[in-house]
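This report concerns only the one structure given below.
The values are calculated or read from the model by the stated rules, or taken from the named source; none is laboratory data. The shown structure was predicted, so the numbers you read here are calculated from the model rather than taken from an experiment. Here the Cβ positions follow ideal geometry from the backbone for every residue, glycine too, while neighbour counts run over all protein chains shown. Side chains are part of the model used for accessible areas, which takes the heavy atoms of the whole protein and leaves out ligands, DNA and RNA. Shrake-Rupley method; radii C 1.70, N 1.55, O 1.52, S 1.80 Å.
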Amino acid sequence: EARSLAEEHDRILSAGRLHWFHWLIVGASLLLTIVAWYFVQTQVDQRIKNRFDQEAREVVALVVERMQKYEDALWSGVAAIHAHGDEIDRRGWKRFSETLKIDRKYPGINGIGVIYHLRPGEVAAFLAKQRIDRPGFKIFPPHSHNEFFPITYTEPSDLNEAAIGLDLAHETNRYTAARNARDTGKPR
């Protein structure tokens, strides 16, 4: 009977051991699980990427559309100045800007203005003309360039008064943009 108990014990141990085919099933199940996880993760990542790309395209399209509206406002200003014989005064610019209804039609624009391009020999006459309506008008800050791009009119004036007379030539990026706009005839 001791022998049969020992045999029974060995048989139970043998039956409880994992054989090669058990390991094969466990390994195949693990591999299948990893492959399925990878496939699902790839699909989810692709869906997220596609959604992000679509939303990014929509945002870019909205920004481009808004920038085109802003550009239209700038071209309207150019047309208004040309309609006044390439010279517009402060009151004429105010009337023009009021018709634009900037605060309602162009959200995000703080103002719209006129910037003149001046050579050094033109500055004294320009200042004299501007000081008729605004005795304190000055071009600032000083710089070393041989041309000037002062902000002359801007509306709404109450929000932008500090910018009146600011010379874009004092700062490299603004100066480059102003020269580029002057040379190409395109907004910058």
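Kindly establish whether Phe137 is among the aromatic types (Phe, Trp, Tyr) and outside any helix (DSSP H, G or I).
yes
Is there a residue in the range 147-156 that is within 19 Å of Glu87 (Cβ to Cβ), open to solvent by 60 Å² or more (accessible area, probe 1.4 Å) and out of contact with any Pro (no Cβ under 8 Å at 6 or more places or on another chain)?
The answer is no; no qualifying residue exists.
Trp93 passes all but one of (1) open to solvent by 90 Å² or more (accessible area, probe 1.4 Å); (2) closer than 30 Å to Ile132 by Cα; which number fails?
Looking at each condition in turn, Trp93 falls short on (1).
Could you list, in sequence order, all residues of the range 68-98 that are within 15 Å of Thr154 (Cβ to Cβ), over 31 Å from the mean Cα position of the chain (by Cα) and in a helix (DSSP H, G or I)?
Selection gives Arg90, Arg91, Gly92.
Tell me whether the range 104-112 contains one or more residues that are crowded, with 16+ Cβ neighbours inside 10 Å and out of contact with any Leu (no Cβ under 9 Å at 6 or more places or on another chain).
Looking through the range 104-112, none of the residues is crowded, with 16+ Cβ neighbours inside 10 Å and out of contact with any Leu (no Cβ under 9 Å at 6 or more places or on another chain).
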